[in-house]
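Here is the structure we will look at, set down as structure tokens.
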Amino acid sequence: MIWANLSTSVGGTVAHIHVSEGDWVKEGEVLIELENEVLKSQVEQAKAALAQARANRDKLLAGATEAEIAAARAEVAAAEAAVALAEGRLEEVQAAIESAEAQLNIAQQQYNELASHPTPAERKAAEAEVAIAQAAVNQAQANYNRVRGDPNIASRPEALALQQATEALKAAQAKYELAIQGPTPQQLAVAQAEIRAAQAQVTVAKSQLPAAQANVDAAKARLDSAKAALDRLLSGPTEEDIAIADAEVRAAIAALASAHANLRETQVIAPFEGQVGAIHVRVGELAVAGQPMVLLGDTRQMHVKTTDLRETDVVRLQPGMNVEVTFDALPDRVFQGTITRIAPVSTTEKGSTNFTVTIEAPEWDESLRWGMTAFVNIEVK
């Protein structure tokens, strides 16, 4: 009979016992489990990952659908529109900067012109205008004096010329006084305020430039990505794409195998079909690695082993010899058996050297149980 004491390769708390003593189980059946909910979850996750990897590979090999291509084209169009919008906004910001800088230049020029008055040339020009006007007055006065005795002097042209020359002299003198005075503090303050306001406008306009440029860069990157995605859909998968997809599937298979292996370390699994002879643990107990938990045997292939065959007798035996076997539990039955194996090494018990001989029979009684006491009668000639 094939039998084995089964255990786990790791220790832990016994969580589930799925069988009872006497149950017949199939090969691969889980008999006992330690606490392993986390490991079971990892197995399910690995299964899902493998299914996803296979689905991704299948989708890759199948190629793009018309709907996917249409969606990719729409994304390219949307990205192009976004680039145009971002570039338009950037141009607006750049134009605002140029306009603000132009206004600043004008304000600076106006201030410089105001602060530089009067120039020596302007002063000389004003003085010259006064001198010319004074000379005109002198000449008009001389002409007027020659006709002063005329009773109709007021209506004579000399009188009108003197009046006009005198007014021109007053105007030239006023212009001269204004020229030599220069700008007032209030005028300078107003001009400086205009410069500061123009500088502030330049600062505000320039502060919008980084964001506008970043938006253009982001929009162009999105467009490049959309075009690349469309190209991939239209051209189909490359050998590298397929290799990557295959590698992901293999990695997922390996991950699932590893998860299963980790889970099996916490399970007692039947290595062959047989009957549960004994259960050595209970739920909730702490089991150590290698501790026997279940005794399993294939009672369909029962055999008898001797325990007290002396060395003086074993030399006369050989495999294939016929024997008779009886049991205390069935005293009226005699079973015909055959020696199938003779142990090459002896065992010593209570000072006696014995050899184990294995005996099999073509048919045993179904009422026999493993571990029963048997008596073997071997007729040696």
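Against the numbered list (1) touching an Asp or Glu at 6+ places or on another chain (Cβ under 6 Å); (2) at pLDDT below 85, ALA172 comes up short only at (2).
Of the numbered criteria (1) more than 18 Å from GLU33 (Cα to Cα); (2) outside any helix (DSSP H, G or I); (3) touching a residue at least 12 places away in the same chain (Cβ under 8 Å), the one ASP313 fails is (2).
The set of residues in the range 41-67 that are surrounded by 14 or more Cβ atoms within 10 Å (Cβ to Cβ) and closer than 17 Å to ALA228 by Cα comprises LEU60, ALA64.
Only residues that are under 17 Å from ALA48 (Cβ atoms), loosely packed, with under 14 Cβ neighbours inside 10 Å and either in contact (Cβ under 8 Å) with a residue 12 or more places away in the chain or of a type in the set (S, T, N, Q) (or both) were counted across the range 238-252, and they come to 1. Residues of the range 37-69 that are of a type in the set (A, V, I, L, M, F, W, C), over 22 Å from the mean Cα position of the chain (by Cα) and part of a helix (DSSP H, G or I): VAL38, LEU39, VAL43, LEU61, ALA62, ALA67, ILE69. Here ALA136 qualifies as in a helix (DSSP H, G or I), more than 30 Å from PRO210 (Cα to Cα) and more than 60 Å from the chain's Cα centre (by Cα). Looking across the range 142-152 at every residue that is out of contact with any helix residue (DSSP H, G or I) (no Cβ under 6 Å at 6 or more places or on another chain) and part of a helix (DSSP H, G or I), the one that is nearest to THR184 (Cα to Cα) is identified as ALA142. Restricting LEU178, LEU169, LEU162 to residues that are without any contact (Cβ under 8 Å) to a residue 40 or more places away in the chain and touching a Phe, Trp or Tyr at 6+ places or on another chain (Cβ under 6 Å) narrows the list to LEU162.
Scan the range 356-365 and tell me whether some residue there is over 17 Å from ILE2 (Cα atoms) and surrounded by 13 or more Cβ atoms within 10 Å (Cβ to Cβ). Checked against the condition, which is being over 17 Å from ILE2 (Cα atoms) and surrounded by 13 or more Cβ atoms within 10 Å (Cβ to Cβ), the range 356-365 yields no hits at all.
The values are calculated or read from the model by the stated rules, or taken from the named source; none is laboratory data. What you are looking at is a predicted structure, and each value in this text was computed from that prediction instead of being measured. No Cβ is skipped: glycine too gets one built from the backbone with ideal geometry, and neighbour counts run over all protein chains shown.
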